[in-house]
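Only one structure is covered here, and it is reproduced in the block below.
The values are calculated or read from the model by the stated rules, or taken from the named source; none is laboratory data. Computed from a predicted structure; not experimentally measured. Positions of Cβ are backbone-derived with ideal geometry, glycine not excepted, and every protein chain shown enters the neighbour counts. In case anyone asks, the SASA skips ligands and DNA or RNA and just uses the protein heavy atoms, side chains included. Shrake-Rupley method; radii C 1.70, N 1.55, O 1.52, S 1.80 Å.
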Amino acid sequence: MSLGKISKVSRLCCSCGVTRQFHTNSKPLLFYATPNLSAEPMKRRKKVDLSKVIQSTQLKIRKMEREMRKREEKFGRTLKPVEEITGNIAIRRNRDKLRREFEPLPVEEIERRALLVKEWGHYKNQQHFTEEKALQKAINVQTKALNELRMESEELYQKAKQIHEGDIIYQFNGPTETPPADDFDSPDGQYIDTSRKW
Amino acid sequence: MIRYVIPRLSKRIKSQKVCCFCAKTHVTTTQPTNWKIAAAVCVERYPVITQDLTDIEKRYQDMCSKIDVENSLLSVHEEKIESEKKKMKAKKEKEEKGDKEEQSSKDISAVTAFDKEDHWEKEVKEYQIPSRITEADKKNDMKSPKRKLDRKLVLIVQEMINGKEIWKLPDGYYNNEETLKETAENALQQRCGTTLKSNIFGNAPHGLFKYKLPLSVRETENAEGVKIFIYKAEFKDGNVDLKDKEILDYKWVTLEELSEYVTPQFEKTLKEFVLEF
């Protein structure tokens with residue numbers, strides 16, 4: 001190691017408090033130079049002709065375009081329709097013909113309807129509040145019952161407080177217009193696959 | 001007035017002590033209470049069919065359906081009917097003119113829209129829609145859970161207590177079961193048998209009915225009164241079995257009919273948490 005280098009190193013190490021004149025190590029302490037990694041010799045770059053590259057890419061693009069044109073000719077420009085969105089096209093075309101004919105509503109009827117909507121809103125609002133009130137009352141009654149139970153027995157209270165897992169998944173078939181028929185075997189329907197293949 | 005208020009306040013303070021750890025009031029359980037614990041089950045049969053519409057609901061529904069019709073388009077079926085009508089007219093006109101040869105070969109569509117309608121009508125007639133008024137309604141059978149399908153029904157039972165016939169919910173005293181829910185389940189099974197299938201909701205009681213025992217009985221029973229914790233249950237299937245004779249009679253009643261059987265206080269507590277909407 002040349003003198004100049006050492007002096008540089010010693011200056012570097014100065015801040016670390018290592019300023020010894022000689023050392024048993026081959027390198028100053030606290031200074032570790034990483035060994036050279038043996039690298040691959042650099043490859044010589046090929047000289048690329050720009051014009052040739054451009055030509056080849058253009059050729060590729062042209063090929064692709066040709067293929068796309070072919071496909072378009074084959075399938076047309078129409079996309080695969082989504083039946084749910086497009087709906088029945090015949091109905092959409094004849095929309096105006098399919099309208100029902102009505103005489104224009106008299107003013108009284110319009111007025112009556114507007115008033116009825118208001119009345120309905122009022123009715124529903126009232127219903128909502130009464131229901132909310134009753135529910136709140138039911139909750140209060142339950143908490144009161146639980147508190148009373150706690151006064152009698154802490155153990156029973158703790159057990160009553162636990163969640164009943166069976167009730168978390170709860171199914172209820174709502175009220176229907178007519179009651180279900182007794183012993184009714186529903187006939188087997190037919191399954192017809194009408195989906196088109198593309 | 002002041003004399004009346006102060007003792008009540010002081011009582012309340014005594015029963016609640018402020019916790020020294022969290023500075024919250026806890027209800028103390030150290031006081032020896034001598035209330036008897038009981039559990040009752042309120043079995044509810046939920047409405048099976050829709051309720052009749054009220055006046056405003058009817059009017060609003062009527063208006064909505066009218067608006068729907070006004071905004072709607074002719075359906076495919078309706079359109080077919082219209083076109084068939086037109087064809088029939090054209091046919092008649094041709095017949096009047098005397099061209100009988102042409103009409104037979106053309107427009108004979110295999111199934112006309114009218115034929116379809118006839119077929120549908122026949123199909124509907126084959127299926128008998130069950131009536132909204134059941135046989136139990138016609139006979140006024142209070143013991144059938146199939147009466148008054150559009151209302152919520154509650155099961156009440158009649159028991160002999162101290163020589164009196166009393167209507168109440170199926171209930172039983174707490175008998176060192178693990179949970180209060182078990183007490184309720186056992187009570188329901190004892191009173192109503194195993195044929196009645198129901199499902200008790202939750203572990204916590206939904207309501208409470210408290211009453212004090214008469215002074216003469218208090219010493220013999222060793223209790224100040226009885227706390228009945230009421231559970232709600234959903235009726236599933238079956239009916240009450242009267243074989244065991246724990247109970248004399250039973251009835252499925254609506255909330256309005258309840259007042260004829262139970263005391264006003266009990267009716268009030270029931271109606272606080274047995275809701276119908």
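Looking across the stretch B:181-217, the residues that are in a strand (DSSP E or B) and either within 19 Å of B:PHE266 (Cβ to Cβ) or more than 10 Å from every other protein chain (Cβ to nearest Cβ) (or both) come down to B:LYS197, B:SER198, B:GLY207, B:LEU208, B:PHE209, B:LYS210, B:TYR211, B:LYS212. Of the residues making up the stretch A:57-82, those that are under 30 Å from B:LEU74 (Cβ atoms) and either polar (S, T, N, Q) or surrounded by 10 or more Cβ atoms within 10 Å (Cβ to Cβ) (or both) are A:THR78, A:PRO81. When the stretch B:218-274 is filtered for residues that are part of a helix (DSSP H, G or I) and open to solvent by less than 40 Å² (accessible area, probe 1.4 Å), the ones remaining, listed by number, are B:GLU257, B:LEU258, B:PHE266, B:GLU267, B:THR269, B:LEU270, B:PHE273. Being more than 8 Å from every other protein chain (Cβ to nearest Cβ), closer than 30 Å to A:GLN142 by Cβ and of a type in the set (D, E, K, R) narrows it down to one residue among B:LYS87, B:LYS36, B:LYS97, B:LYS91; which is it? Being more than 8 Å from every other protein chain (Cβ to nearest Cβ), closer than 30 Å to A:GLN142 by Cβ and of a type in the set (D, E, K, R) holds for just one of B:LYS87, B:LYS36, B:LYS97, B:LYS91, which is B:LYS36. Here the stretch B:40-73 is the region considered, the condition is being part of a strand (DSSP E or B) and facing chain A (nearest Cβ under 10 Å), and the residue that is surrounded by the fewest Cβ atoms within 10 Å (Cβ to Cβ) is B:LEU73. If you go through the stretch B:129-144 and keep only what is of a type in the set (Lys, Arg) and outside any loop (DSSP other than H, G, I, E, B), you end up with B:LYS138, B:LYS139.
Between A:THR178, A:THR194, the distinction of being surrounded by 11 or more Cβ atoms within 10 Å (Cβ to Cβ), assigned to a loop (DSSP other than H, G, I, E, B) and of a type in the set (S, T, N, Q) belongs to A:THR178 only. Looking only at the stretch B:143-180, filter to residues that are crowded, with 19+ Cβ neighbours inside 10 Å and farther than 30 Å from A:PRO175 by Cβ; which one of those is nearest to the other protein chains (Cβ to nearest Cβ)? Among them, the one singled out is B:LEU180.
Each residue in the stretch B:107-142 was checked for being open to solvent by 80 Å² or more (accessible area, probe 1.4 Å) and either touching a His at 6+ places or on another chain (Cβ under 6 Å) or within 30 Å of B:LYS236 (Cβ to Cβ) (or both), and 8 of them qualify. In the stretch B:158-191, what residues are out of contact with any strand residue (DSSP E or B) (no Cβ under 7 Å at 6 or more places or on another chain) and under 22 Å from B:ASP249 (Cα atoms)? Matches in the stretch B:158-191: B:MET160, B:ILE161, B:ASN162, B:GLY163, B:LYS164, B:GLN189.
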